[in-house]
Amino acid sequence: MKSVDHALSLLGYKATPFGLVRIALWAFLFLYLAGLALPPGNRTIPFTENVVGLPITPLVTLPSDPAFIDEQALPTQGGLKIAWISDSSSVIYKPGAKFLDFSAMGDNRLLPVETLNQLREINQNDIHIDLYIRLSLRSLESYTLTEIALERNADIIVLTLNPFFVFNNHAIFKGNTHFARATRTWSKNPAVWYWLALLPQPSDHLWAGLGRHLNIFARAPAFAPDVHAAKLSLWKAIFPQIKGQNTDKLSAPPSGEGLKENSMIFWVTQRYLNGDLSKLVNDKNEAINALWYRQLIRLADFTQDTISRAILLQTLERIKASGKKAILYLAPVSENLREDETAWKQYQKIKSELKALQQVYEDDKVKLIVDIPPDALNGTVFVENDDVHLNEVGGLSSFLASSIASLTSKPEQKESTP
Amino acid sequence: MKFSLEYSSTAFFLDLLALSLLLLPIYLVASGTRTRQVTLTLSGLYLLLFIAPRLALLSLFFWLLVFAMQRLIANLENKAQEKPDISSLVLFVFIAAVLGTLTPMLWWKTQEWEFVKLINLSGNSALSLFSRTLWEIDLARNIIMPVGLSFATFRAVDLLVKTYIGKFRAMSLREVFYYGFFPPVLVVGPIIEYEEIKEGASGKLPAPKSDDFLAGALRTAWGFFKVLFLASLLQPSAQILDTFNTQSVSTIWIYLFVYTWFFYINFSGYSDIAIGIARLYGFKLKENFNNPFFARNIIEFWSSWHMSLYRFARRNVFVPLGGYRENRHLYALAGTMMTIALWHALSASMVTFGIYHTIGLILHRQFTKWKDRNNISLDHPAAQLACLLFTYLFVMLSFPLIVLPLGTALEFYGSMFGM
Amino acid sequence: MSDALLDLFAEVLEVDAGSLKEDTSPDNTPQWDSLAAMGLVAAIEEKFNVQLSTKEIMKMTTIGLARQTLSAKGVSF
Amino acid sequence: MTDAPEKNQYDLAKTLTIEVFLGFSFALLSGMAYFGSGFDLEFIYQGF
């Protein structure tokens, strides 16, 4: 159907270069006006219900939302602003809670909350925490969050390094919806410009550009659930209903399930376990986290020019360049990891690599904590069959609180030894 | 362990549109045919990088082989002019080349999981030989199904057939890669012929003018609107495909009716986007749909649904099988229909789909002969409407075969008729 | 000017010769695409008494190309 | 031959209104396509 050309000839309109520019301007104007009429919409921000009434602002959106950061969250004034950047190792799971369930996070506790309580106990008050936590956060996303935290001028950055991912080249990012926001922050750091050409898709750049000026694009994702619901009610109004099918399921917004099976499972099972999953499941065929993580840690790659190292170095460089205070700590690991000798050896190698970086990057403002002192971990309980997720904090929160306090109170900081 | 390999073509087209904002000014300024061909090839490759770098590498490898085969056949075809005695050799090489080109697609359609494992693992490993960074980025990209393989395969076969019948001389790598990586048609077609994007008699590629930009932009916006808004409104109709055994007969018919429109709007929307974006670069690709649901007979339907596939099947299957010879016409019809059906999937349901529509074509042929013999005219509007409705009904009934395995499709028909 | 080839196509496709041109093809002419074209090859072979190979038939995607193929086989118009 | 002035005004007015209409339809189509998709691109069924 050559309808477009036909329609244009019917209109009797002859396109000219200036005509095209005028049309484009009109289109932009109408989109802008439509955007004005659009409120910000309430984005579903995970962990909101975990921090009710606390001076803590969760900022990271659902994985399916390209905004990546809740830009509506107002920056807080005064007091000490801590930016807590972490993955699920900062979540204290209620026994039986599912790991990747974004919607049922409410009854789990958070390590930053426990640490805030500890800080208050050692009369470090007037503290506000910007919470940059996402389940399955990978090193590239945590680098972008570091840049964003510096943009939102955090006073202290607390950043978790996950031993199972820090040197793992198989998983530098999870899903690509964070790239639209990342384009803005990466453009400030020439050392990573080559990432801009290889990682964010052209549509991410387009979305970043359009989203900054046109609300209709920036705020659309927040309305995804309402649009879904509107379409469904339209459908229900016109067409007969499917009996027995809970059509409301269809209207459920795309919460966390954006995390489709990640490709890492494919590479590991196909390449390193030649397709046999039995090493990852127990006799009841349930996936065992510990077994999965112990395969992952085998992938740690210590050669110099890997992208995972490049990301870690960029994170450290940018923090140093900012002059801001920071604590980067390697998330503690359960002693059960010793059951897998190769995994334990890899874990030791990871620690020695980080200690080498410690010599280079540690100073009075930036702490790179590789070994959490053992007494800080008494009372800490790891989830059953899991080497990194927590059920009980134990002494970890007070250790982190004192580490943060040590950075803030003593201005003339002598060369500190851990 | 299976992977959900669903892929969003929308993301690809959004990328192509975004890239075009940067590319079009360059395209307008660097107006040499070679530079334009190379620019388009590189941008096609670049876009595949975002699906997965391994897909870009495998596509390069595929089209490199096509280049080699095309050159070989062209040279042999040349020699055969002077020494006709080698023409059977040329035929043999040609058939081997076509079968070789079809192999990846056939392998995928018959052994999906094994083929998916192979291309992901081998593609990724091969990447590590070229660039460590690309290899590491590739590891984090999704596991892919061979996006656009069926389209690329038929474009390649078309090229080889035209070389064999002497229409094309030996082509340069630049030309073959330009044809292989022409961005708008990479993911969901249409299955274009090389002539549609070839330089004109003047040796120049068409330069987009203002009306090309306007028509192209409008057509693209219209395509996105159809796919992202209209089709998504009708998408709930797909529920019937897995809940039909507990629904009322009327619900099944209504949902199937809506589903055919969802399928058409979604698929033709993608073609609108592809043709629209190609138009931004000045290319006027042949149409891929022509109101198929308003066709008055089955032959008219098949010449207005996924027309690029139909044209491919007609020139590369129907004609060689003797479509224009009285005695071989039936075989040609059946061959053409089966090619169209089995291109979608090598499954029992698609074989049935092919047989179903071949019978439809044959019955239409007999009906036309009978009608002409008794000089009955169907020009009366009521008759035209009846033909339209009957054709649509005939096509609608075949839809379950496209999306359901044969057993389930038969159950679907059972519940459609209240059995 | 009536031309033997155009007349033949007009007769087989049941269309008037005036509407046929050198670039007429099945893509742009519904009649050529319909069942009427079934007897096309036989008509050409009979009228110009030539034997057409599959390859030659495949090349005849427009009237112009048909003319080319036939003149290559020594048919004069 | 130069057109009468009112004809020019008429043409100009007609062109501008058509351009406004085209600009509006672009905005409508792209806005509804993006916003109306519910932004969940994953569910879009891939034609073949």
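Here are a few things to note about the model shown:
- Scope the range B:237-279; condition within 13 Å of chain D (Cβ to nearest Cβ) and either closer than 13 Å to A:Lys243 by Cβ or not in a helix (DSSP H, G or I) (or both); matching residues: B:Gln239
- The set of residues in the range B:107-129 being touching a Leu at 6+ places or on another chain (Cβ under 7 Å) and farther than 22 Å from A:Thr269 by Cα consists of B:Lys109, B:Thr110.
- Residues of the range A:1-57 satisfying the condition of being small (Gly, Ala, Ser) and at pLDDT below 95: A:Ser3, A:Ala7, A:Ser9, A:Gly12, A:Ala15, A:Gly19, A:Ala34, A:Gly35, A:Ala37, A:Gly41, A:Gly53
- Within the range A:85-122, considering residues that are aliphatic (A, V, I, L, M) and assigned to a loop (DSSP other than H, G, I, E, B), the one farthest from A:Leu316 (Cα to Cα): A:Ala97
- Of all residues in the range A:183-202, those that are assigned to a loop (DSSP other than H, G, I, E, B) have Cβ atoms under 8 Å from Cβ atoms of residues that are surrounded by fewer than 16 Cβ atoms within 10 Å (Cβ to Cβ), 6 or more apart or on another chain, in A:Ser187/A:Trp193.
- Enumeration of residues in the range A:137-165 that are within 14 Å of chain B (Cβ to nearest Cβ) and closer than 23 Å to A:Leu291 by Cβ: A:Leu137, A:Arg138, A:Ser139, A:Phe165
- Taking the range C:45-77 as the range and being part of a helix (DSSP H, G or I), aliphatic (A, V, I, L, M) and at pLDDT 90 or above as the test, the residues that pass are C:Ile57, C:Met58, C:Ile63, C:Leu65, C:Ala66, C:Leu70.
- Scanning the range A:19-39 for residues being surrounded by fewer than 14 Cβ atoms within 10 Å (Cβ to Cβ) and in contact (Cβ under 8 Å) with a residue 60 or more places away in the chain gives a total of 2.
- The helices (runs of 4 or more DSSP H) falling completely within the range B:297-403 that include 2 or more residues that are more than 10 Å from chain C (Cβ to nearest Cβ) and closer than 30 Å to B:Asp242 by Cα map to B:298-302, B:329-344, B:348-373, B:381-403.
- Qualifying residue in the range B:128-149 (condition: farther than 30 Å from A:Ile172 by Cα, touching a residue at least 60 places away in the same chain (Cβ under 8 Å) and either surrounded by 14 or more Cβ atoms within 10 Å (Cβ to Cβ) or not assigned by TED's automatic domain parsing to the domain that holds B:Glu193 (or both)): no
- Just one of the listed residues (A:Ser352, A:Ser308) is assigned to a helix (DSSP H, G or I), polar (S, T, N, Q) and touching a residue at least 24 places away in the same chain (Cβ under 8 Å), namely A:Ser308.
- Which listed residue, of B:Ser43, B:Ser20, B:Ser8, B:Ser87, is without any contact (Cβ under 8 Å) to a residue 40 or more places away in the chain, surrounded by 14 or more Cβ atoms within 10 Å (Cβ to Cβ) and within 14 Å of chain A (Cβ to nearest Cβ): B:Ser8
- None of A:Pro46, A:Pro55 is in contact with a His (Cβ under 7 Å, 6 or more places away or on another chain), at negative phi, away from chain D (no Cβ under 14 Å) and surrounded by 13 or more Cβ atoms within 10 Å (Cβ to Cβ) except A:Pro55.
- The one condition in (1) touching a residue at least 12 places away in the same chain (Cβ under 8 Å); (2) part of a helix (DSSP H, G or I) that B:Gly418 fails to fulfil: (2)
- The residue of the range A:248-272 that is modelled with the lowest pLDDT, among those that are more than 14 Å from chain D (Cβ to nearest Cβ) and surrounded by fewer than 14 Cβ atoms within 10 Å (Cβ to Cβ), is A:Asp248.
The values are calculated or read from the model by the stated rules, or taken from the named source; none is laboratory data. None of these values were measured; they are calculated from a predicted model. Cβ sites come from the backbone with ideal geometry, for glycine too, and all protein chains shown count toward neighbours.
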